[in-house]
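Undergrad: Here it is, the structure, as structure tokens.
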Amino acid sequence: MSWTKTQKNVTIAAFLGWTLDAFDFFLMVFMFKYLAAEFHVPLGDVTYAVTLTLAMRPIGAFIFGRLADKYGRRPTLMWNILAFSLLELLSGFAPNLTFS
């Protein structure tokens, strides 16, 4: 069984998206020391914040998955992207680690 051109392109795009997501996360791991210094907190506080973020991923996936089943994938994705963008913008103005 051979793949169509569309199937190959989708597989490559999905792999690259996953790779860039992982790359983004691992770049942040290399910045822990500098983030702790910037926010004047112990290194453990920064790693704890990242642990909480990763722990919340399945909960967010569950919530947005249920919303997508109820309201459709497109509107849910649009709200997800808007919420992410707003929170990402506001995190740039965070005065301390608690608000970021």
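Undergrad: If DNA, RNA and ligands are ignored and the probe is 1.4 Å, what is the ranking of E38, E88 by accessible area, most exposed first?
TA: The most accessible residue leads, giving E38, E88.
Undergrad: Another question, if that's okay. Can you give the accessible area per residue of the chain, in Å², using a 1.4 Å probe?
TA: On a per-residue basis, the chain sits at 87 Å².
Undergrad: Continuing with the same structure: Once each part is reduced to its C-alpha centroid, what is the distance from the range 19-42 to the range 50-100 in angstrom?
TA: Using only Cα atoms to place each centre, the spacing works out to 19 Å.
Undergrad: Tell me, what ³J(HN,Hα) does each residue in the range 48-57 have, in order and in whole Hz, if you take phi through Karplus 6.51 cos²θ - 1.76 cosθ + 1.60 with θ = phi - 60° and put x for Gly and Pro?
TA: 5, 4, 5, 4, 4, 4, 5, 5, 7, 4
Undergrad: Out of these labelled values of Rg/Rh (Cα atoms, Kirkwood Rh), (i) 0.93; (ii) 0.99; (iii) 1.07, which was calculated from the coordinates shown here?
TA: Here Rg/Rh (Cα atoms, Kirkwood Rh) agrees with entry (iii).
The values are calculated or read from the model by the stated rules, or taken from the named source; none is laboratory data. Keep in mind that this is a model prediction, so the values were computed, not measured. Remember, those area values only see protein heavy atoms, side chains included, never the ligands or the DNA or RNA. Shrake-Rupley method; radii C 1.70, N 1.55, O 1.52, S 1.80 Å.
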